[in-house]
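One structure is given here, and the rest of the page talks about it.
What follows is calculated from the coordinates using simple rules that are stated; it is not laboratory data. The structure presented is a predicted model; accordingly, all values stated were derived computationally and were not measured. Here Cβ is always computed from backbone atoms with ideal geometry, including for glycine, and neighbour counts include all displayed protein chains.
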Amino acid sequence: MTDTPVIAARGLTKRFGEFEAVKGIDFQVERARCIGLLGPNGAGKTTTMRMIMGLSTVSGGELSVFGVPVQRMTRELKARIGMVSQENNLDPDITVGENLIVYGRYFGLPPAGVRDRVPELLRFMQLQEKTDATVNQLSGGMKRRLVIARALIGASELVILDEPTTGLDPQARVLIWKQLLKLKAQGKTLLLTTHYMDEAQRLCDRIIVIDHGEILDEGTPQELIDRHVKGHVIEIRKPLPTGFVDGRFDSEDVGDAILYYVQAPRDLVADLPEAAVYMHRQANLEDVFLRLTGRQLREN
Amino acid sequence: MAVIPIATPYTMAVTWRQYVVWRKLIWSSLVTNVANPLLFLFAFGFGLGRFIEDIDGMRYLVFVVPGMVAYSAMFAASFETTIGSFSRYFMQRNWDATLATPVTLSELLFGEVLWAAAKAMLSAVSVVIVGWLWGGIPSLTGALISLPIVFIASIGFACYGLVATSLARGYEFFSYFFTFWVTPMFVFSGVFFEIDRFPVVVQAIAWALPMTHLIAIIRPLSAGIPLDLGWAALHLSYTIALTIAAFVIAYRRTRRRMFD
């Protein structure tokens, strides 16, 4: 049983009328791993997560969670998944503690039992001082932390996090990262989307890059960097220095400059005229992301 | 996923959540659900009651109190599953959060309905108490017997509201619901005068409206005059059939809207 992946998708498809939001993707999420689902807005990440939660019907292909097709997901299985959705869909009028107690009942937990767990959950997200504050009084970061605490109430084995740290200050992000790694160490499985590449690099064992409903590539952060952007980026502003022949390097024109992706920066730098101005840095996941999904803005 | 709702612990968890929130906002809620119908009752009881001697063989106050019981329940339940449910669904994204747990959609919707019916009962009971103290209820026993029927009808009123919510794209939509559904019941269902004073076409419309059937059962009960049980059974069957149809429509539409 331990070999069964927590999530397995084969040819997973989602159509909204004519529009195909997810176009037959295959992927797996193994137990006690953190898998990142990265892609621009509208890539199909949230739709995929909603299908896993049973909040969106599957239009085609197969999708199993804990080895059971989502169409036949039982209450018991659903209780083993925690969801941190993109919006802070908390109950604004009641207190932090009451939010957890109310939510716990949705998992079939008696209020007394949940009440005992509230301090532990709030301490985990450093919200213990806010137990009796109403949600309306919390800052954005506190609300986010409360949504995460709430997702853990059902003793979830799988936690799905849709942009858990968007809009948060660095302190809150660092705390959330630390606690998510703790969850993984406890054996929980995490599926995460984020627009922060440093976050993905830090948390994820494996990354799936998705765009227009299709998987573009997947691998560990390092594998993706090696495969797509070598190890180093050298950026030369246009116009290129005269006498520089760039044909033998892997390059990308980004408009006002050209990026060269190289394993050994010395090879390229040696070819440059003495007076040339360039910028050299380590390649990172952001380079991979932009290279794979393009540089166009995705506002609709 | 079963459509037919049963009051499972999960349904009750949803209803309980509404109660926890309601406790925080109790005063504004009491104004809408208790003070509002009582104002109507006083206005019509004193105002019209002075001009109208007898209606349908009973004092005007005796006539209008059960009408106000029905209206207050109808209004409270309708308001709760339209403006209230829509806010939870659309503005607070509360339904998304709930459905990410073991609670199913039919349990969520039925939890909303049960709570709306509970609020309707709060309104109805307040009107019964005030109406009785004022001398508008000759048969208190009859009025008490009518309360479970008001509850059943209120489950229906809540379901009709949910149908509107399942169709609404914004709050503007509910102006249609209140203008073409709630207000017609207020004026045509026999709250203030007998519907046989209307032209036949209007009477037909009135009998299509579920509140007309509720009033037809509870008015004789609280007035203490004999109730034709055959007719009462017919009125109740119509109410229940309409309720089930509304719940199924609301369920299907919401399901398509949220899950497809």
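A few points about this structure:
- Computed about the Cα centre, the dipole magnitude for chain A is approximately 1100 debye when only Lys and Arg (+1) and Asp and Glu (-1) carry charge, each at its Cβ.
- Relative contact order [Cα under 8 Å, 6+ residues apart], the range B:37-128, whole percent: 40 percent
- In this calculation the C-beta distance from A:Val174 to A:Gln71 is compared with R0 = 41 Å, giving a FRET efficiency of 0.55.
- Diffusion constant of the range A:20-154 at 20 °C, which comes from Stokes-Einstein with the Kirkwood Cα-pair radius and 1.002 mPa s, µm²/s: 130 µm²/s
- The range B:23-43 versus the range A:67-112: alpha-carbon centroid distance in Å: 33 Å
- Nearest-20 debye value, the protein assembly as shown charge dipole, Cβ charges on Lys, Arg, Asp, Glu: 1080 debye
- Dipole of chain A computed with +1 at Lys/Arg Cβ and -1 at Asp/Glu Cβ about the Cα centre; of A:Met83, A:Ile210, A:Phe289, farthest Cα towards the positive end is A:Met83.
- Annotation: the residues A:Lys78, A:Lys45, A:Lys230, sorted from fewest to most other C-beta atoms within 10 Å of their own C-beta, follow the order A:Lys230, A:Lys78, A:Lys45.
- Relative contact order %, chain A, counting alpha carbon pairs below 8 Å whose residues are six or more apart: 21 percent
- Span-rule helices in chain B, defined as complete DSSP H runs reaching 24 Å or more along the axis (Cα) with Kyte mean at least -0.5: B:60-79, B:105-133, B:140-167, B:229-259
- Computed label-point distance, nm, for sites A:Leu297 and A:Ala270 using a 7 Å Cα→Cβ extension: 4.3 nm
- Straight-distance crosslink candidates among lysines, where the alpha carbon sits under 23 Å from A:Lys238 and sequence neighbours closer than 8 are dropped: A:Lys230
- Under 29 Å between alpha carbons - lysine pairs in the range A:7-224 that sit 8 or more apart or on different chains: 29
- DSSP-defined beta bridges in the protein assembly as shown - what % are antiparallel, rounded to 5: 70 percent
- Per residue, the convex hull spanned by the Cα atoms of the protein assembly as shown measures out at 190 cubic angstrom.
- By DSSP, the beta bridges lying fully in chain A are antiparallel in about 70 percent of cases.
- The Cα-based radius of gyration of the range A:231-282, divided by its Kirkwood radius, gives an Rg/Rh of 0.90.
- Diagonalising the gyration tensor over the Cα atoms of the range B:9-259 and scaling each eigenvalue by 5 before taking the square root yields semi-axes of 32, 19, 16 Å, largest first.
- Rounded if a/c under 1.5, otherwise prolate or oblate - chain A, Cα gyration tensor axes: prolate
- Taking 37 °C and 0.692 mPa s as conditions, the range B:1-145 diffuses translationally at an estimated 196 µm²/s according to Stokes-Einstein applied to its Kirkwood radius (Cα pairs).
- Of the trypsin sites (Lys or Arg not before Pro) in the range A:240-300, the ones in a loop by DSSP (not H, G, I, E or B) with at most 14 other beta carbons within 10 Å are A:Arg248, A:Arg295, A:Arg298.
- Förster radius 30 Å - calculated FRET efficiency between A:Val254 and A:Thr166 (Cβ-Cβ, nearest 0.05): 0.75
- Dipole orientation for the protein assembly as shown: of the candidates B:Val113, B:Ile145, A:Ala151, B:Ile145 has the Cα lying most toward the positive pole (charges on Cβ; Lys, Arg +1; Asp, Glu -1).
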